[in-house]
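What follows is a single structure, written as structure tokens, with notes after it.
The values are calculated or read from the model by the stated rules, or taken from the named source; none is laboratory data. Note that the coordinates shown come from a computational prediction; the quantities given were computed from them, not determined experimentally. As a convention, Cβ positions derive from the backbone with ideal geometry for all residues, glycine included, and neighbour counts pool all protein chains shown.
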DNA sequence: TTTT
DNA sequence: TTTT
């Protein structure tokens, strides 16, 4: 429940392949860097100056799984989430703050690349859901600047790649009771 | 799941008290008329001309229940939903179309009136959830232009009024699995 | 100036080529039909049922010009506008209402088709800005159900086709005073 | 012009009175801290846990002027802007990043407090547009963590307070050419 | 670091 | 009437 509105809507391209991690209980968490571009006319020169804004995205749940499997460096995507700033400790012991766009069960994601891209490989390792047995080990790594929100994550030890193109993900859109 | 984005965001005031109905299985359905105001400068006269746009809102589920209990004529509200156009038959047998903003489990509502208004009276009858026993009868009334989306609705036979100010409603925000 | 918020955000595909008209003073007005898709799980069968919602879009100004030139049947597009319902008279003399998404100077449009589509021809006639001399004649045609908002429009007598891919359009984004 | 979408929509309350500064050429720049509240059900305890997210807002132009004059600590407001992260140097010489919601000519603001609040006093000094003569001096102060985006700002030396309730601000909504 |  |  929200006493307020906190909504972010972005359309942009991934700067790299997504990074997928897993919570101890096996839930996927995906980090993205998303670029949104804007050009503006320089008042002096009259030139059109390109300007890129980079956004740090964190995805959870089913959306995260789909993003981890199907998005790749360069992918164009629509994202709806909420702003969240978390505090972490720099190596100098001082507080730092990082603002992220959190896409959870209330958020939305739409892949905007055309037909036939799909489960494209990319050079990166395939990212599937890890075996149960891999969900242990380093998930309690110290939370760094990129660190975890809800405890630590385990890196998938392996996993089977994707298959064909997925349905778009908007959690809980299905099985609505009316 | 959505292969596209269909989102409406409104802030406005109710033109009348909400109308609450119930589906055969007891789910609340609320209809609202919402006014959003805009002024523009007349090019001829330079005068600031007010212009009101009226929106037809349909709410379902828990949001509908809260809306029915706490919103009243004049209430200011934030609404997030989706556009939907439905076809109905005019008395002349011709097709008509009505476009509505549907606020369901994926939507959001925020009451924007200040503290302490709450279950304010208004002249209308209090609208609570009807007794089980009342969920029958006329819910198969013919669907008119204002008619139902998913079959017919029953009018609540009675109900106990509201109490104090509710929590805002954003379905499924609670109990998120991370 | 707005005493309220009235915002629509859509991502979908055009059902046909855009229709471009011109106001007496030469401003472009474009009409689009936009489909947004959604699937939902049928409660009975458990089947995934596709559902398409059609939206009537009206664009003005610079955005309209770009849309008229570069969008085609099937194009995927992001649109931000506002809801507006206008009244018109049916042939039976009765009032009818049509709700549209108006994309004007405060709106936004983003073409989401990948690289290299651009000024693609389509089978339709090329749609450029008409000669001054063509901005007369039938612009006072009676406003029908698809009729004009602000007076009538003239159909472009001719025009030169498009060129290469345009910059995206977000009116007034340029030359911002800071 | 934007090759992408970068949009933030917030409804929340000010944590303090707005801070107004002015650019060398006299344009208002306002900083706000805005709280959006959300509650979630704790999985362990089942308790409803309140959670507040703080957002740093920067406003420019006419919107900034209105915000500086009429918003006060506690004011409830709707804001539409874009995400922007700027880099600054910590005292230790290291890079830091601050993410802000920028509300410029493409953004929107709506005051959501009920009627008759208006230019309410608050304990802070009234913040009006400074005299021309005051637009000099320290506007080249070193940019700190709260520092300027486009050069430095001058603090208003004084200014006359507000008057009555203003029209809401949505720049360029007026004088639209149709 | 992405896209056009 | 579009898309996947």
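So residue A:77 clears everything in (1) more than 25 Å from residue D:95 (Cβ to Cβ); (2) more than 16 Å from DNA strand F (Cβ to nearest atom); (3) in a strand (DSSP E or B) except one condition, right? Which one?
(2)
Can you tell me which residues in region A:1-57 are in contact with a helix residue (DSSP H, G or I) (Cβ under 9 Å, 6 or more places away or on another chain), more than 11 Å from DNA strand E (Cβ to nearest atom), more than 9 Å from every other protein chain (Cβ to nearest Cβ) and not in a strand (DSSP E or B)?
Across region A:1-57, the qualifying residues are A:24, A:26.
Quick one: which residue in B:12, B:81 is in contact with a strand residue (DSSP E or B) (Cβ under 7 Å, 6 or more places away or on another chain) and within 28 Å of residue C:48 (Cβ to Cβ)?
B:81
Out of the residues in region A:92-105 that are more than 25 Å from residue A:68 (Cα to Cα) and more than 10 Å from chain D (Cβ to nearest Cβ), which is nearest to the chain's Cα centre (by Cα)?
A:95
Report whether or not residue A:72 is away from chain D (no Cβ under 14 Å) and within 16 Å of DNA strand F (Cβ to nearest atom).
Numbers: away from chain D (no Cβ under 14 Å): yes; within 16 Å of DNA strand F (Cβ to nearest atom): yes.
Here the answer is yes, as residue A:72 does meet what is asked.
I'd like to know if region C:59-69 contains one or more residues that are within 14 Å of chain B (Cβ to nearest Cβ) and modelled with pLDDT of 85 or more.
Taking every residue of region C:59-69 in turn, at least one turns out to be within 14 Å of chain B (Cβ to nearest Cβ) and modelled with pLDDT of 85 or more.
Is at least one residue of region C:89-103 touching a helix residue (DSSP H, G or I) at 6+ places or on another chain (Cβ under 9 Å), more than 16 Å from DNA strand F (Cβ to nearest atom) and either in a strand (DSSP E or B) or over 21 Å from residue B:98 (Cα atoms) (or both)?
Step one: list which residues in region C:89-103 are touching a helix residue (DSSP H, G or I) at 6+ places or on another chain (Cβ under 9 Å), which gives C:103.
Now drop any that are not more than 16 Å from DNA strand F (Cβ to nearest atom), which leaves C:103.
Next cut, either in a strand (DSSP E or B) or over 21 Å from residue B:98 (Cα atoms) (or both) only: C:103.
Yes: region C:89-103 contains one or more residues that are touching a helix residue (DSSP H, G or I) at 6+ places or on another chain (Cβ under 9 Å), more than 16 Å from DNA strand F (Cβ to nearest atom) and either in a strand (DSSP E or B) or over 21 Å from residue B:98 (Cα atoms) (or both).
Just to be sure before I move on: is residue A:26 at positive phi and without any contact (Cβ under 8 Å) to a residue 40 or more places away in the chain in the structure I sent?
Against the criterion (at positive phi and without any contact (Cβ under 8 Å) to a residue 40 or more places away in the chain), residue A:26 does not qualify.
Please tell me if residue B:21 is at negative phi, crowded, with 19+ Cβ neighbours inside 10 Å and free of Cβ contacts under 8 Å to residues at least 24 places away in the same chain.
Against the criterion (at negative phi, crowded, with 19+ Cβ neighbours inside 10 Å and free of Cβ contacts under 8 Å to residues at least 24 places away in the same chain), residue B:21 does not qualify.
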